[in-house]
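Single-structure report; data block below.
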Ligand SMILES: [Zn+2]
């Protein structure tokens, strides 16, 4: 028996696949079913609008919040910076990690940020507290660390989100910790 909405689900998978394989993907528009999707090279941004220079060493990872209002960056200098994406001014700096920060990820509702470091910890930050002040100083006084995960043998490398419960899984190689 064919499951309900099977055709619609298959068409959605086709669209997702075309977006995932689009080499220059640069649009929020949903692909049309009337033709194959492909963004052209000349649609890529070519003009530098802002240069973010807060990190003292290599920037290893960055990610926009889901609502697009903030950008978080992490790097070899052990720091995590959060910027307001309207002005690209620094909102906060998270400086609790003792080793370089290799990865970060916003929770689905953007209220939390997980940072994963070679200090073998994953720290989860309550970003909702940051909304109290959008000051230019870069310190974590208005952030609260809600949890940390230890026990990784080789440094935490990646994380994934599980909506809607804000559960976050982290793993390193070869150890696995949730
Ligand atoms: Zn595309």
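Could you check how many residues of segment 28-63 are in contact with a strand residue (DSSP E or B) (Cβ under 7 Å, 6 or more places away or on another chain) and assigned to a loop (DSSP other than H, G, I, E, B)? Explain how you work it out, then say what you get.
Restricting attention to segment 28-63, the residues satisfying the condition of being in contact with a strand residue (DSSP E or B) (Cβ under 7 Å, 6 or more places away or on another chain) are 52, 54-55, 57-63.
Now narrow it down to the ones that are assigned to a loop (DSSP other than H, G, I, E, B): 52, 54-55, 57-58.
Within segment 28-63, residues that are in contact with a strand residue (DSSP E or B) (Cβ under 7 Å, 6 or more places away or on another chain) and assigned to a loop (DSSP other than H, G, I, E, B) number 5.
May I ask you to say which residue of 67, 36 is within 16 Å of the ligand (Cβ to nearest atom) and surrounded by 10 or more Cβ atoms within 10 Å (Cβ to Cβ)?
Working: 67 fails: within 16 Å of the ligand (Cβ to nearest atom).
One residue alone meets the criteria, 36.
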Restricting to segment 39-53, name every residue that is more than 16 Å from the ligand (Cβ to nearest atom) and surrounded by 10 or more Cβ atoms within 10 Å (Cβ to Cβ). 50, 52
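So, residue 25, is that one over 25 Å from the mean Cα position of the chain (by Cα), in a loop (DSSP other than H, G, I, E, B) and within 16 Å of the ligand (Cβ to nearest atom) or not?
Details: over 25 Å from the mean Cα position of the chain (by Cα): no; in a loop (DSSP other than H, G, I, E, B): yes; within 16 Å of the ligand (Cβ to nearest atom): yes.
So residue 25 fails the test.
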Go through the residues of segment 2-17 one by one and say whether even a single one is at pLDDT 90 or above, within 16 Å of the ligand (Cβ to nearest atom), farther than 22 Å from residue 126 by Cα and assigned to a loop (DSSP other than H, G, I, E, B). no
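Here is a yes/no grid of residues against (1) assigned to a strand (DSSP E or B); (2) more than 20 Å from residue 59 (Cα to Cα); (3) at pLDDT below 90:
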residue	(1), (2), (3)
74	yes, no, no
96	no, no, yes
105	yes, no, no
119	no, no, yes
129	no, yes, yes
138	no, no, yes
153	no, yes, yes
173	no, yes, yes
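The values are calculated or read from the model by the stated rules, or taken from the named source; none is laboratory data. Everything numeric in this text was worked out from a predicted model, so none of it was measured. Note that each Cβ is placed from the backbone with ideal geometry, even for glycine, and that neighbours are counted across all protein chains shown.
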